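Structure first, commentary second.
The values are calculated or read from the model by the stated rules, or taken from the named source; none is laboratory data. If you're wondering where the values come from, they're calculated on a predicted model, not measured in any experiment. All Cβ positions, glycine included, derive from the backbone under ideal geometry; neighbour counts span all protein chains shown. Side chains are part of the model used for accessible areas, which takes the heavy atoms of the whole protein and leaves out ligands, DNA and RNA. Shrake-Rupley method; radii C 1.70, N 1.55, O 1.52, S 1.80 Å.
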Amino acid sequence: MLGVVGLTVLVLVLILSLRVLNPPTWYYIWSEERRLGTVAQTWVSLEDISAVAIRAVVAAEDANFCAHWGIDATAVRKAISEGGARGASTISQQTVKNVFLWPDRSWFRKALEAVLTLVVEAAWPKRRIIEVYMNVAEFDEGVFGIEAAARHHFGVAAKQLTPTQAGRLAVVLPAPKSRSAISPSPRLQRLAVSVLDGAATIRADGRSACFEQ
């Protein structure tokens, strides 16, 4: 019993500390570094990321990011009704998975992810959640975070990303090892345009308010 209490306290302290401290190397990037020999990742603050890039990622991955508390019940119901053909993980869940957990589809890990997501949502502001996500998401094999991705794909800083570049980076997120932001297929180009439309929509209707200044 004491061990469980101690572990719970340790996890809570870690989550609270990462509200202000940037996460150290996490399991997945560590495993990829061992496999590839090297990875690219440079941490930047939210202010040093193009605003359209942030909105594009949110529009592509979790348009209701500002409206939910970590679990998007509407997306979950839709995923179930479609037989699991589409994902239902929120940006908050993906952040928790990337920073605290390991890549696995077991029910235990998913349950742990759900619990930790609710704790992170309670402990971190939305701006911090999206800031961490933008810095830990994988945009290509061995390329983590928007700054490394912007420099790797387009030779610019994350702050300098154009709308077209931002849209292309956003649409590779579901499959970064098989999709190309530099040479996107016609289908991905159309999807990137749609994502930019979505980014404009969430700005206009206020769904980006929780992370915009």
(request) Determine the order of Tyr28, Tyr133 by accessible area, beginning with the largest, at a probe radius of 1.4 Å. (result) Tyr28, Tyr133
(message) Order Phe65, Phe100 by their accessible area, 1.4 angstrom probe, all chains in place, largest first.
(response) Phe100, Phe65
(message) Please compute the modelled spin-label separation between Ala67 and Lys126, points set 7 Å along Cα→Cβ, answer in nm with one decimal.
(response) 1.1 nm
(message) What number comes out for accessible area per residue over the chain if the probe is 1.4 Å? Units Å², please.
(response) 52 Å²
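Hey, if we sort Glu147, Glu141 by accessible area with the 1.4 Å probe, largest down, what's the order? Spell out each step's value before the answer.
Numbers: Glu147 15, Glu141 90 Å².
Ranked from most to least accessible, the order is Glu141, Glu147.
What part of the accessible area of the chain, given as a whole %, is carbon or sulfur when the probe is 1.4 angstrom?
On the way: 6490 of 10980 Å².
It is 59 percent, rounded to a whole number.
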(request) Can you pull the one-decimal nm distance between simple spin-label points at Ser178 and Asp205, each 7 Å off the Cα toward Cβ? (result) 3.0 nm
(message) Keeping all protein chains in the complex and leaving out DNA, RNA and ligands, what accessible area do you get for Thr25 with a 1.4 Å probe, in Å² to the nearest 10?
(response) 90 Å²
(request) Would you tell me the accessible area of Lys97, worked out with a 1.4 angstrom probe on the heavy atoms of the protein chains, in Å² to the nearest 10? (result) 70 Å²
(request) Given the options Thr38, Thr201, Thr164, state which has the largest fluctuation in a GNM of the chain using a 10 Å cut-off (strictly under) for Cα springs. (result) Thr38
